[in-house]
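Engineer: So that we are looking at the same thing, I have put the structure below in structure tokens.
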Amino acid sequence: MDYTFCGKTGMKVPRLSFGASSLGGVFRSIRESDAIEAVFTAVRNGLNFIDVSPYYGHYKAETVLGKALKELPRDAYLLSTKVGRYGHDGINTWDYSGKRATESVYESMERLHVDYIDLINVHDIEFSDLHQVVDETLPALVELREKGVVGHVGITDLQLENLQWVVDRVPEGTVETVLNFCHYTLNDDKLADYIDYFESKGIGIINASPLSMGLLSQRGVPDWHPAPVPLVEACKKAAEYCAAQGYPIEKLAMQYAVSNPRISTTLFSSANPQNVLKNLQYIEEPIDWSLVQKVKDIIGDQQRVSWANS
């Protein structure tokens with residue numbers, strides 16, 4: 001596994017990292033014992049950066065992950081979680097107040113069975129008043145950083161423009177990482193347009209959802225996927241073409257997502273230990289760049305077509 005420093009944080013992260021959203025049953029029902037074993041498998045194989053959120057499964061992902069982390073030495077992993085987006089009884093809730101952000105950090109530490117969080121993020125800032133994130137949420141997290149409760153502070157969003165807007169309006173060093181998803185994939189590489197900007201600020205770049213939330217899979221998208229129909233159909237054609245070449249689109253998508261050395265790490269999520277091993281094998285094999293170009297050609301005018309977060 002190749003490692004690189006994430007911006008100026010000092011965190012040395014693998015090019016592929018473990019996203020724990022699946023542990024919350026976000027995509028499909030899970031077997032808890034398999035989910036815990038998936039965490040063990042990831043860490044044993046060098047995926048020492050783990051990302052989660054209280055929102056995933058409405059606290060379930062953090063709870064299940066916490067059961068796994070209890071069995072691991074604290075220096076075996078770097079832990080990232082979030083504030084701002086929550087839920088209960090199947091209802092999504094948002095609260096970006098400084099008070100709630102502070103409370104949330106301590107609640108997450110309790111669920112995760114840790115006394116320190118390496119990276120704390122403001123989650124999906126497009127659902128917030130961005131001025132509140134600048135004036136209230138981030139200062140609360142910076143205060144926790146100064147107290148040594150958390151190591152580093154970041155922000156996450158689907159919309160790259162929002163990430164830049166916030167970074168432009170806070171003191172240098174406030175935001176140390178950005179997490180963006182579905183924008184460095186076979187069907188959308190818009191993140192590349194922002195790399196120079198984030199690097200100029202010393203900010204580490206975390207990429208997520210290399211399969212574009214299921215668009216780039218043989219299984220196809222779940223019913224809730226917000227992508228427009230023409231994009232779904234284009235990605236389905238690309239998946240069928242890859243299958244005909246004996247090269248699963250999932251493999252190509254994973255390889256492509258980790259191919260840019262200027263992106264600190266890419267998160268994927270699975271509650272299945274065999275899938276963890278499979279994805280590790282994928283990224284160790286050389287990528288077929290001619291197939292990448294063919295897939296991009298098939299997706300055609302649907303390249304960089306995005307959607308609103310949900």
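Engineer: Applying the selection to segment 37-68, what residues are surrounded by fewer than 24 Cβ atoms within 10 Å (Cβ to Cβ), more than 27 Å from S128 (Cα to Cα) and of a type outside the set (G, A, S)?
Structural biologist: Those that are surrounded by fewer than 24 Cβ atoms within 10 Å (Cβ to Cβ), more than 27 Å from S128 (Cα to Cα) and of a type outside the set (G, A, S): E37, F40, T41, V43, R44, N45, N48, K67.
Engineer: Could you please give the count of residues in segment 209-232 that are open to solvent by 10 Å² or more (accessible area, probe 1.4 Å) and either aromatic (F, W, Y) or at negative phi (or both)?
Structural biologist: 15
Engineer: Additional query: Among the numbered criteria (1) in contact (Cβ under 8 Å) with a residue 24 or more places away in the chain; (2) open to solvent by 10 Å² or more (accessible area, probe 1.4 Å); (3) farther than 16 Å from P261 by Cα; (4) not basic (K, R), which one does E161 miss?
Structural biologist: Exception for E161: condition (1).
Engineer: Continuing with this model, one more query. Is one or more of the residues making up segment 94-110 touching a residue at least 24 places away in the same chain (Cβ under 8 Å), assigned to a strand (DSSP E or B) and over 16 Å from the mean Cα position of the chain (by Cα)?
Structural biologist: Yes.
Engineer: Could you check segment 127-148 and list, in sequence order, the residues that are open to solvent by 20 Å² or more (accessible area, probe 1.4 Å) and either without any contact (Cβ under 8 Å) to a residue 12 or more places away in the chain or under 25 Å from F49 (Cα atoms) (or both)?
Structural biologist: Those that are open to solvent by 20 Å² or more (accessible area, probe 1.4 Å) and either without any contact (Cβ under 8 Å) to a residue 12 or more places away in the chain or under 25 Å from F49 (Cα atoms) (or both): H131, D135, P139, V142, E143, R145, E146, K147, G148.
Engineer: Yes or no: segment 18-36 includes at least one residue that is touching an Asp or Glu at 6+ places or on another chain (Cβ under 8 Å), under 28 Å from E285 (Cβ atoms) and in a strand (DSSP E or B).
Structural biologist: Checked segment 18-36: at least one residue is touching an Asp or Glu at 6+ places or on another chain (Cβ under 8 Å), under 28 Å from E285 (Cβ atoms) and in a strand (DSSP E or B).
Engineer: Right, next: Taking the condition of being within 15 Å of Y256 (Cβ to Cβ), among the β-branched types (V, I, T) and touching a strand residue (DSSP E or B) at 6+ places or on another chain (Cβ under 7 Å), how many residues in segment 175-194 meet it?
Structural biologist: Pass one, segment 175-194, residues within 15 Å of Y256 (Cβ to Cβ): 181-192.
Subsequent filtering for residues that are among the β-branched types (V, I, T) retains 185.
Next, from what is left, pick out any that are touching a strand residue (DSSP E or B) at 6+ places or on another chain (Cβ under 7 Å): none.
Final tally of qualifying residues: 0.
Engineer: Which of the residues that make up segment 84-93 are open to solvent by less than 20 Å² (accessible area, probe 1.4 Å) and in a strand (DSSP E or B)? Spell out the reasoning first.
Structural biologist: Going residue by residue through segment 84-93, those that are open to solvent by less than 20 Å² (accessible area, probe 1.4 Å) are 84-87.
Hits for segment 84-93 are R85, Y86, G87.
The values are calculated or read from the model by the stated rules, or taken from the named source; none is laboratory data. All values derive from a computational prediction rather than experimental measurement. Cβ sites come from the backbone with ideal geometry, for glycine too, and all protein chains shown count toward neighbours. When the accessible area is computed, the model is the full protein with side chains, heavy atoms only, and any ligands, DNA or RNA have been set aside. Shrake-Rupley method; radii C 1.70, N 1.55, O 1.52, S 1.80 Å.
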